[in-house]
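Working notes, structure below.
Values in this text are rule-based calculations from the coordinates and carry no lab data. Quick caveat, the model's predicted, so the values are computed rather than measured. Neighbour counts run over all protein chains shown; Cβ positions are idealised from the backbone, glycine included.
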Amino acid sequence: MEFIEYKINADALYLGERPKGNIFKPCIKTIPFSQISGALNRKFGSNNLKAVGYLTGNSDFNQINYLIYSPRDRNSRISKIPLQVEFLVNVLGKVFVLNNEDSKILPDKFEIVMGGLRSKGFGKCLLSKERDVDGKEVNRGSLNVRIPIEETNSFNIKSILKPVYGYLFKPLPNTYTGNYVLSLFEGSEAVAPKFLIR
């Protein structure tokens, strides 16, 4: 079981969802399966590119910043209540793509658009191939990624010892809707490939 490791860079990135009724939109500090796999599949017209990622680097990278904006109602053209958005600037991270038939089309360097607030210029990411990684060697430790339970075999997660559960969005093919699926979040203790462990 092999993976392709990419370095990911972005000027500004928002990853997260606004809880209904909340005026603050927090940014998560990892790159979930749903976000990166969805972006890759959209870019390359595939349904079977699978990836996870996380943020890396020193304090010069992945700095938190805030944006306040008021979305307009399309019918009345009146601004709604202002929303405060937490986002990351000078983003640096690692992305691990499962090496399968679909991943053979991936170039060594390419751009994708990922996350929210894309209409405001957020989410343009550059991925650069670093190396191939063997996923067979596993360790016990704390997961550094968010991944659906149904995808744990794809990433050679052998056992889940102390789960931290949450939900990730899974789109239905050829639609604009989907479902939330039970997922392992960062901090889950598991036996998994070394590159997925803190």
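What is the helix-to-structure angle for 33-44, meaning the angle in degrees between its Cα long axis and the longest Cα principal axis of the chain, kept from 0 to 90 and rounded to the nearest 10?
In the chain, helix 33-44 runs at an angle near 90 degrees to the longest axis.
Exposure proxy check: Tyr14, Tyr6, Tyr66, Tyr167 ranked by fewest other beta carbons within 10 Å?
Tyr66, Tyr167, Tyr14, Tyr6
If you rank Asp11, Asp108 by fewest surrounding Cβ atoms within 10 Å, what's the result?
Arranged by neighbour count, lowest to highest, Asp11, Asp108 become Asp108, Asp11.
Taking θ = phi - 60°, what integer Hz values does the Karplus form 6.51 cos²θ - 1.76 cosθ + 1.60 yield along the range 110-122, in sequence order, with x for Gly and Pro?
In residue order, the calculated couplings are 7, 10, 9, 10, 9, x, x, 6, 5, 5, 9, x, 7 Hz.
Please find, in a Gaussian network model of the chain (springs between Cα atoms separated by less than 10 Å), the residue of Ser128, Ser154, Ser142 whose mean-square fluctuation is greatest.
The residue with the greatest mean-square fluctuation here is Ser154.
Report the relative contact order of the range 2-196, percent, no decimals, based on alpha-carbon pairs under 8 angstrom and at least 6 residues apart.
Computed value for the range 2-196: 27 percent relative contact order.
GNM on the chain, C-alpha springs below 10 Å: top fluctuator among Asn179, Asn48, Asn62?
Judging by the Gaussian network model, the answer is Asn179.
Using the Cα centre of the range 82-198 as origin and beta-carbon charges of +1 (Lys, Arg) and -1 (Asp, Glu), tell me which of Ser142, Tyr180, Leu106 is placed farthest towards the positive end of the dipole.
After comparing all options, I get Ser142.
So how do Met114, Met1 line up by other beta-carbon neighbours within 10 Å, fewest first?
Listing Met114, Met1 from fewest to most nearby Cβ atoms yields Met1, Met114.
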